[in-house]
Amino acid sequence: MEAINNDELFEKVKELTKEIVELRKVIEAKENEFLTVDEAAKFLRLCKHSVYNKVGKRELPYIKRGKLLYFSRKDLEEYLLSGHVKTMEDIKNEHV
């Protein structure tokens, strides 16, 4: 491994910091993204009919503007995570 001086190290850290900031922007944009029915179905790996069915039963969080439905990616992720089943290890660790 080649040794680098302080100036080079500073530049590398500066570059990495810039990349991290850009990645955070991309992640935040994805979290705040709104999906159509087709996109939500693909994201949830369901058919469109199942998405409409879940909307009708109020199982999925959605936004309705006129006749169109939209879904927050973040809300759909939370919906998926709410179905998380705890492992025996998780349950054991809760009681410690």
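Over 26 Å apart at the Cα level, from the set Lys42/Lys64; Lys25/Lys86; Lys42/Lys74; Lys18/Lys64; Lys54/Lys92, are Lys25/Lys86; Lys18/Lys64; Lys54/Lys92. For the chain, which whole percent of the accessible surface, found with a 1.4 angstrom probe, sits on carbon and sulfur atoms? So the carbon and sulfur contribution to the accessible surface is 56 percent.
Considering only Arg73, Arg24, Arg65, the mean-square fluctuation computed in a Gaussian network model of the chain, springs between alpha carbons under 10 angstrom, is largest for Arg65. The three principal axes of the C-alpha atoms in region 40-89 carry coordinate ranges of 46, 19, 19 Å, sorted with the longest axis first. GNM remark for the chain: springs join alpha carbons under 10 Å apart, and the peak mean-square fluctuation among Glu77, Glu11, Glu59 falls on Glu11. Taking all protein chains into account, the per residue accessible area for the chain stands at 89 Å² (1.4 Å probe). Inverting the pair-averaged 1/r between distinct Cα atoms of the chain gives 17.2 Å as its Kirkwood hydrodynamic radius.
In sequence order, region 35-52 has phi-based couplings of 10, 7, 4, 4, 5, 5, 4, 5, 4, 7, 6, 10, 7, 4, 4, 5, 5, 4 Hz under the Karplus curve 6.51 cos²θ - 1.76 cosθ + 1.60, θ = phi - 60°, and Gly or Pro positions carry x.
Largest GNM mean-square fluctuation among Glu19, Glu78, Glu39, using the chain with Cα springs under 10 Å: Glu19.
The values are calculated or read from the model by the stated rules, or taken from the named source; none is laboratory data. What you see is a predicted model, and the numbers here were worked out from it, not measured in a lab. The accessibility values were calculated without ligands, DNA or RNA, using every heavy atom of the protein model including side chains. Shrake-Rupley method; radii C 1.70, N 1.55, O 1.52, S 1.80 Å.
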